[in-house]
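A.B. asks: Dropping the structure in here first, questions after.
Every read-out reported here was derived from the displayed coordinates using simple, explicitly stated rules and does not represent laboratory data. As the structure is a computational prediction, the values presented were derived from the model and not from experiment. Every residue, glycine as well, gets a Cβ built from its backbone with ideal geometry; the counts of neighbours run over all protein chains shown.
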Amino acid sequence: MMTGFKMFMLAAEEMNFSRAAERAFVTQQCLSDHIKKLEDSYGVKFFHRKPKLSLTPEGEAMLRYVSRLQVLDEGIQKELSDLNAGIKGTVRAGLGMTRGEILIPIAAEKFREKAPNADLQVTLADTRDLEPLLLSGELDIFLGVSAEENIMFKRRKVQTENLYLIIPENMLREYFPGNESYGSCLRIFAGGVDLKVIHDIPFVLGHEGSRTTFGVRQYYRRNGLELNMPVCISDFRIHLKLCRTGKYATVAPYMHLYQLMESSNDEGEKLLVFPLLNIEKKYDIEIITHRDAPKLKVVDEFSRALENACRECCQNIDDFLQASQLCYTRNFFPEL
């Protein structure tokens with residue numbers, strides 16, 4: 001990328017010519033000269049100098065284009081290297097925390113089998129935090145959960161996930177005492193649970209940035225109910241540990257149930273799983289790359305490994321839930 005564009009990008013990122021010059025290993029005067037030449041070539045001003053440094057409308061437009069140029073420039077280098085060297089290089093991937101813990105051990109193994117000379121760098125963060133990293137060229141690919149609509153995203157849907165209630169058996173028996181009442185409850189809940197029926201149960205859920213927490217909150221507000229959430233924490237393994245105390249329930253998308261499978265031998269209350277009704281939010285799980293990024297063999301290989309890991313994970317969950325008699329649905333209903 002041209003030097004003037006690089007200097008402009010640094011100044012726009014820092015909003016301070018002195019710090020930008022330090023990052024570029026040049027004098028402040030040198031950086032200012034490059035930006036002045038760029039402004040003169042387009043006949044506009046990119047920065048307001050007073051009262052403090054800020055972008056003009058023209059500067060904001062230039063930043064959008066230069067950001068795309070940066071992605072394209074990096075893509076040219078990667079694609080030429082990729083063509084020359086075969087399936088080599090580094091894939092920079094992003095996933096949510098829980099899905100990353102579940103999928104990366106599976107996907108990394110599959111990826112290494114096909115691309116033993118490639119490297120993998122993983123960032124674990126919420127989808128909303130991964131989106132700008134892809135747009136800025138800091139990621140090559142991420143697994144998005146209902147990611148925003150963006151013209152720069154190239155997306156491939158892997159699956160759609162519904163939400164499930166995870167509740168301790170002892171808590172459910174307290175709400176529906178007696179064998180007849182409890183058995184009737186299970187048969188009704190097998191078709192799906194409407195949380196209005198047990199709206200005052202205490203939940204442990206994720207932080208406010210969690211798509212699941214947002215969906216549950218919206219459901220309660222829409223129905224004029226108060227969400228009882230005494231514990232809020234982002235680690236789903238801790239959700240399960242707290243549920244096993246018999247004092248909390250939680251809500252999870254289907255893939256998170258993999259961690260329920262992994263913790264099935266933990267001590268504590270038995271946890272039951274039911275599909276949720278009337279929570280409109282369903283989660284599209286998509287593999288997302290940058291529209292302008294080069295088509296690299298190493299990224300394609302990781303994308304396939306990640307998609308196969310998702311399928312394998314969900315099949316393992318299906319098998320586990322039916323074998324353990326934890327999941328109550330119309331298709332599978334163990335004898336009481």
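A.B. asks: Would you mind ranking His256, His48 so that the residue whose beta carbon has the fewest other beta carbons within 10 Å leads the list?
C.D. replies: The fewest-first ordering by Cβ neighbours comes to His48, His256.
A.B. asks: Using 1/(1 + (r/R0)^6) with R0 = 25 angstrom and r between the beta carbons of Val122 and Tyr65, what's the FRET efficiency to the nearest 0.05?
C.D. replies: The formula returns an efficiency of 0.25 here.
A.B. asks: Let me have the relative contact order for the chain, percent, based on Cα pairs under 8 Å that are six or more residues apart. Kindly include the intermediate steps, with their values, before the conclusion.
C.D. replies: Values: 512 pairs, mean separation 77.4, N = 336.
That works out to 23 percent.
A.B. asks: From the Cα trace of segment 163-281, what convex hull volume per residue do you get, rounded to a whole Å³?
C.D. replies: Per residue, the Cα convex hull of segment 163-281 comes to 99 Å³.
A.B. asks: To continue, here is another question. For segment 80-172, place one equal point scatterer on every Cα, skip the solvent, and apply the Debye formula. What is log10 of I(q)/I(0) at q = 0.16, 0.21 Å⁻¹?
C.D. replies: Ignoring solvent entirely, the Cα scatterers give -0.79, -1.16.
A.B. asks: Can you tell me the FRET efficiency between Cys232 and Gln29 if r is taken as the Cβ-Cβ distance and R0 is 30 Å, rounded to the nearest 0.05?
C.D. replies: Numbers: r = 51 Å, r/R0 = 1.70.
In this case the efficiency is close to 0.05.
A.B. asks: Another question about this same structure. Once the piece of chain linking Met152 and Glu267 is laid out straight, how much longer is it, given 0.36 nm per residue of separation minus the C-alpha distance between them? Don't skip to the answer; put the middle values down first.
C.D. replies: Details: separation 115, 0.36 × 115 = 41.40 nm, distance 4.71 nm.
Stretched out fully, the Met152 to Glu267 stretch lengthens by 36.7 nm.
A.B. asks: Here is a follow-up. Convex hull over the alpha-carbon atoms of the chain: what's its volume per residue in Å³?
C.D. replies: Dividing the Cα hull volume of the chain by its residue count gives 172 Å³.
A.B. asks: Report, in listed order, any pair from Lys110/Lys157; Lys6/Lys52; Lys110/Lys270; Lys110/Lys282 with a Cα-Cα distance greater than 25 Å.
C.D. replies: Table pairs above 25 Å Cα-Cα are Lys110/Lys270; Lys110/Lys282.
A.B. asks: Here is a further query. By counting other Cβ atoms within 10 Å of each Cβ, how are Arg68, Arg99 ranked from fewest to most?
C.D. replies: Lowest count first: Arg68, Arg99.
A.B. asks: With a ≥ b ≥ c the root eigenvalues of the C-alpha gyration tensor of segment 3-77, is it rounded (a/c under 1.5), prolate (a/b larger than b/c) or oblate?
C.D. replies: oblate
A.B. asks: For the chain, modelled as a GNM with alpha-carbon contacts under 10 angstrom, which of Glu161, Glu208, Glu58 fluctuates the most?
C.D. replies: Comparing Glu161, Glu208, Glu58 in the GNM, the peak value goes to Glu58.
A.B. asks: Give me D for segment 121-229 in µm² s⁻¹, whole number, from Stokes-Einstein with Rh from the Kirkwood sum over alpha-carbon pairs, 25 °C and 0.890 mPa s.
C.D. replies: 144 µm²/s
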